[in-house]
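Reviewing the structure listed below.
The values are calculated or read from the model by the stated rules, or taken from the named source; none is laboratory data. Keep in mind that this is a model prediction, so the values were computed, not measured. Note that we place each Cβ from the backbone using ideal geometry, even for glycine, and neighbour counts take in every protein chain shown. We work out accessible area using only protein heavy atoms, side chains counted, and drop any ligands, DNA or RNA first. Shrake-Rupley method; radii C 1.70, N 1.55, O 1.52, S 1.80 Å.
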Amino acid sequence: MNAPAVTPMPSAKPVPMQVLIRGRVEATRRFDKTRYTRIVTPAPDPYSRPQTVEIRSKASIGQAGDEITVVAMLGGYSRKPFRATDKETGEVSTITPVDLTLDAVE
């Protein structure tokens, strides 16, 4: 298992919209010229589930089974809004879903 190149996060002051992700690579895939790496993070305690995130990058950041630490930029976009009715009150509201993205800092 190769040690992938990672970008260290500055220790002095956090950079807005950057996150440090540590975990094990579960799977990788490639679409067009972008790599997608699915990472499972350690569970915070024995009674909770581990988190799963997917990071986009230009180059490979690891292979399945690798333990990695990577810095990523948090982003996102709005999807098509839809109407939802509250079952208790009957109130109709418009919901706009937001999808989050993580792009490796390379």
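Computed values, structure above
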| quantity | calculated |
| --- | --- |
| Which listed residue is surrounded by 11 or more Cβ atoms within 10 Å (Cβ to Cβ) and touching a Gly at 6+ places or on another chain (Cβ under 8 Å), from 69, 41, 34, 52 | 41 |
| Within the range 72-89, tally of residues that are open to solvent by 80 Å² or more (accessible area, probe 1.4 Å) and either within 17 Å of residue 19 (Cα to Cα) or in contact (Cβ under 8 Å) with a residue 24 or more places away in the chain (or both) | 1 |
| Any hit, the range 96-104, residues being over 25 Å from residue 17 (Cβ atoms) and surrounded by 14 or more Cβ atoms within 10 Å (Cβ to Cβ) | no |
| Residues that are of a type outside the set (D, E, K, R) and over 30 Å from residue 57 (Cα atoms), drawn from the range 69-94 | 82, 84, 85, 89, 90, 92, 93, 94 |
| Conditions (1) in contact (Cβ under 8 Å) with a residue 40 or more places away in the chain; (2) of a type in the set (A, V, I, L, M); (3) loosely packed, with under 11 Cβ neighbours inside 10 Å; number of the one not met by residue 92 | (1) |
| Selection within the range 14-31 - open to solvent by less than 60 Å² (accessible area, probe 1.4 Å) and of a type in the set (S, T, N, Q) | 18 |
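To keep it simple, each residue is scored yes or no on (1) touching a Leu at 6+ places or on another chain (Cβ under 8 Å); (2) under 14 Å from residue 58 (Cβ atoms); (3) assigned to a loop (DSSP other than H, G, I, E, B); (4) modelled with pLDDT of 95 or more.
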residue	(1), (2), (3), (4)
4	no, yes, yes, no
8	no, no, yes, no
13	no, no, yes, no
26	no, no, no, yes
39	no, no, no, yes
44	no, no, yes, no
